[in-house]
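Readers should treat all values here as calculations from the given coordinates under stated rules, not as data from a laboratory. As the structure is a prediction and not an experimental result, all values here were calculated from the model. Backbone-built Cβ (ideal geometry, glycine too); neighbour counts: all protein chains shown.
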Amino acid sequence: MRIILLLLILITGLHVVAQTKCTAGEYILQQSTNSFPLYKPLTNIPSTIINTSSSARVMGDGKGIVTIPVVFHVLYNNAGQNITDAKINQQLELLNKSFRKNNADTTKIPAAFKALAADCEIEFKLASSDPKRRATNGIVRKYTSVKSWMDDDKMKFSATQGSDAWDAEQYLNIWVCNLALSSGYSSFPGSESGKDGVVIRTSLIGNSKILVHEVGHWLGLRHLWGDTYCGDDLVDDTPKQSTYTPGCPSGIRPSCGGGAPGDMYMNYMDFTSDACLLMFTQGQKQRMWSFFASGGLRSGITNSWGLHPPTNDEIPLPEEGEEEEPQKLLKSAVKVYPNPAVNKLVIDMGANENWLGKTISIYNTKGAIVLRSVINSKQHTIDITKLLSGLYFVAGKHENGEVIKIKFIKN
Ligand SMILES: [Zn+2]
């Protein structure tokens, strides 16, 4: 009985996913509409923008490839949702393969469409500098008390228990959270900057092609059916299509009065199952690249600092007042004394040995590090003679997720 119930849950769960694969079409309708370039055909795309590497720093690899700095905002309510770096890297690899036409399954593209399949010459890399040009691994992890999220952008703001966007002119923001209804959605070029980015359901990060589809939207691509019956996706080389394709079909499936070769249901911008999603077209590539052109809505990406070495050696201070996952916050277990302190400060880890050999930092109220010290005993003493009088924070983040964040006063 339990197995049948489980199966039922699984089947209905999958059904829901299929029905609500991506809600970017609805999302755009909710936004103020006509100003979006998305609704305007790009009639005058200069052919020179393809493979141009002249002025743009991130294109300066000589191959004319745009490399987009990415930040993942991982919002977790339990340890399982705090997905590993390895999973994120695996997902990035799939994203890169798909955009570079390096996916092994390109061999399955039907002969009639093979010549249209594009190496989009767009790549994605985790950011190495954050917006303040401090070192980062491009992954922001944040505990949230929110158990599930709607497609309403709340995950994009700290004020609503989410994580604030990094400058969308310079980074592709990807929020990973427990989306309740859809697999994901994306903003389009020209969206409000605080909301600009892609949202993906946590359980789909890893091997799923939903991120490929959503990043397509982020770079200005529409669904093949233009979100209406036989609508227009503003791309010339994708056949007109009546609506989305469910499942994983085969053979020629014409619609909208067209004949062979029929719908291009293996295109990433359809809703077909992952196993059957294989390609972007040359026309879609052109449309995406048009946004990188000088003055284009994604041109900032080509001048981003996001992939440069950091120039600011501050370390982001765990945000003041921000709620950490309760069992990981060591505030209560760790003591700092005397407080106020004059020459010496003792950091008393109690019985916790996890931090031996780890570095802890002292920050001033501006968030700059004024002292660093390697913890060498459970009752670790730091010489603070040289600090000016004032308020400071002892802070550190252990790779196991434990956080220390304690105020003290130096007299
Ligand atoms: Zn979509």
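Taking the DSSP beta bridges in region 116-206 as the whole, what percent of them are antiparallel, to the nearest 5? Of all bridge pairs located within region 116-206, approximately 45 percent are antiparallel.
Legend: ranking of residues Val336, Val146 from fewest to most surrounding C-beta atoms inside 10 Å; resulting order Val146, Val336. Each peptide in 121-128, 338-345 receives the mean, over its residues, of other Cβ atoms within 10 Å, and ordering these scores from highest gives 121-128, 338-345. Computed from the C-beta positions of Lys108 and Glu353 and an R0 of 51 Å, the FRET efficiency is 0.45 to the nearest 0.05. Go through Lys386/Lys407; Lys132/Lys335; Lys142/Lys397; Lys87/Lys209; Lys97/Lys132; Lys132/Lys386 and tell me which ones have a Cα-Cα distance over 22 Å in this structure. Those over the limit are Lys132/Lys335; Lys97/Lys132; Lys132/Lys386. What is region 326-410 by shape, rounded, prolate or oblate, if you read a ≥ b ≥ c off the alpha carbon gyration tensor as root eigenvalues and call it rounded for a/c under 1.5, prolate for a/b larger than b/c, and oblate otherwise? Prolate.
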